[in-house]
Amino acid sequence: MLLMPLSSSSSSLVTTTRAFLCKCPHSKPKFQSWNRTHANGASTRHFHCFYQLQFSHMREAVKEEEEEEGAAISLEEWRAWGTTSPVPSMVSQIVNDLKLLEKHVDARMSFGGNGGKLQGDFRVQEDKKHRATYQALGDSEKKLQFYSARQIACRVLGSRGYLCQKCWLPVEEDCMCSRINSCSLWPGIKFWLYMHPKDFLRQNNTGKLLWQVFGVDAANLCLYAFKLTGKSKVWCLYPNKSSVLKSVQDAFGEEMVTNYEVTAAKDSEVDTTLHFILIDGTWSNSAAMFRRLQDQAKSVWGDEDLACISLNPGASAMHKLRPQPSWDRTCTAAAAVGLLLELQLLPQFSSIGLDTQAEAVEHALTVLLEALTTRRVRMGRSITRKVRQTNIR
């Protein structure tokens with residue numbers, strides 16, 4: 001296809017292999033061969049002090065090496081958070097820079113609060129450094145890449161051992177993975193979640209439910225960025241009034257029924273898969289994300305706009321915790337549910353069980369709502385939010 005995650009080459013991956021065994025001596029130190037019966041008390045004490053000092057230095061060196069390598073983001077860890085791409089090289093570079101700064105300022109990294117934010121004196125020093133780096137980048141695209149990489153790197157480092165890598169909830173208190181029912185998405189559909197870096201590892205994010213339910217191959221997380229390489233069978237689910245909008249009926253109602261037979265997506269040499277882009281971010285951030293998508297589409301496809309699908313969204317369970325600014329807006333997972341249900345109403349899709357697949361996502365939304373509600377009650381926080389006014393059109 002058509003729509004691929006933009007990532008670094010495999011050469012940028014960070015290995016986690018530890019070579020600490022090389023630190024250990026393979027033979028006894030020469031001074032151990034001394035005949036202790038001829039050593040006086042002072043020599044014996046000197047031997048013990050020297051021996052302990054040598055191994056103390058060795059332990060410190062091994063400890064520092066383990067800590068440095070432990071800070072790196074391995075491919076296994078990166079993909080456990082829901083991604084399918086290699087570790088972006090800039091994310092790895094940010095992590096390395098943080099470790100170097102930690103040594104330079106003689107302060108330890110610490111994280112806390114929502115989103116794995118840096119804390120304490122290290123935060124002050126890092127803030128000065130990253131602002132200077134950001135200002136030195138003259139190109140707006142490079143600034144965006146740096147900003148995204150820093151957000152992602154800090155969130156991964158700050159969430160280690162605290163958040164479940166699948167549901168992004170505190171693993172010891174609120175993990176909901178055992179209550180999620182997995183389901184296979186019809187192979188003629190694929191979701192691409194274009195996620196804002198501030199929504200990555202966000203506990204009330206709903207886009208994560210799509211790959212929890214359908215798997216990462218059916219719902220691909222485009223976290224860092226992605227590039228468009230074709231326009232056939234690609235639609236964006238976004239209610240932008242200034243773009244060319246089509247309803248599900250308009251977009252697919254007059255297509256030939258044979259184009260969407262289940263066997264066509266599996267056996268045909270021609271790719272008939274329908275690719276749907278879901279913008280996963282707050283509404284205030286989504287407008288800029290959509291413009292970025294439009295700019296990419298025009299640079300690759302010419303002057304044509306990115307085709308958009310408008311839905312008739314119903315009330316999502318998550319609206320109790322996350323009210324939407326207007327009737328035509330809903331959360332990411334609920335948008336996917338609405339799309340599947342509207343496609344189910346068309347004759348060519350009526351026999352492939354899209355309604356059952358939509359129900360699996362709705363169930364996951366309910367589970368997430370219950371987990372978040374329970375957590376907020378336990379922490380003494382309100383379980384309702386006020387509607388925020390936005391300027392999105």
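Worth pointing out:
- The modelled label-to-label distance for the pair residue 382/residue 104, using points 7 Å beyond Cα in the direction of Cβ, is 4.3 nm.
- Gained length - residue 178 relative to residue 284, 0.36 nm times residue gap less alpha-carbon distance: 34.9 nm
- Between the amide H of residue 274 and those of 189, 190, distances stay under 5 Å, these residues lying 5 or more places away or on another chain, with hydrogens modeled in the peptide plane.
- Protection-proxy order for peptides 207-213, 363-369, each taking the mean of Cβ atoms within 10 Å per residue, highest first: 207-213, 363-369
- Under the Karplus curve 6.51 cos²θ - 1.76 cosθ + 1.60, θ = phi - 60°, whole-Hz ³J(HN,Hα) for segment 158-169, x wherever Gly or Pro sits: x, 9, 4, x, 10, 8, 5, 6, 9, 9, 6, 10
- Computed 3J(HN,Hα) for segment 128-141, one whole-Hz value per residue from the Karplus formula 6.51 cos²θ - 1.76 cosθ + 1.60 where θ = phi - 60°, is 4, 5, 6, 5, 5, 5, 4, 5, 6, 7, x, 7, 5, 5, glycine and proline marked x.
- Least to most buried among 124, 156 (fewest other Cβ within 10 Å first): 124, 156
- Projected label points at residue 135 and residue 97, each 7 Å from Cα along the beta carbon direction, are separated by 1.5 nanometres.
- Ordering of 131-143, 166-178, 76-88 by packing is 76-88, 166-178, 131-143, highest average first (other Cβ atoms within 10 Å, averaged per residue).
- Residue order, fewest to most surrounding Cβ atoms within 10 angstrom, among 154, 183: 183, 154
- Between the amide H of residue 245 and any residue lying 5 or more places away or on another chain, no distance stays under 5 Å, with hydrogens modeled in the peptide plane.
- Were the residues from residue 241 through residue 299 laid out at 0.36 nm apart, the gain over their Cα-Cα distance would be 18.7 nm.
- Extension gain, residue 350 back to residue 124 (0.36 nm per residue minus Cα-Cα distance, nm): 75.6 nm
- Filter on 99/128; 103/128; 143/208; 103/143; 231/298; 143/241 - keep pairs with C-alpha separation over 19 Å: 143/208; 103/143; 143/241
Each reported figure results from applying straightforward, stated rules to the coordinates on display, with no laboratory input. As the structure is a computational prediction, the values presented were derived from the model and not from experiment. Cβ: placed from backbone, ideal geometry, glycine included. Neighbour counts: every protein chain shown.
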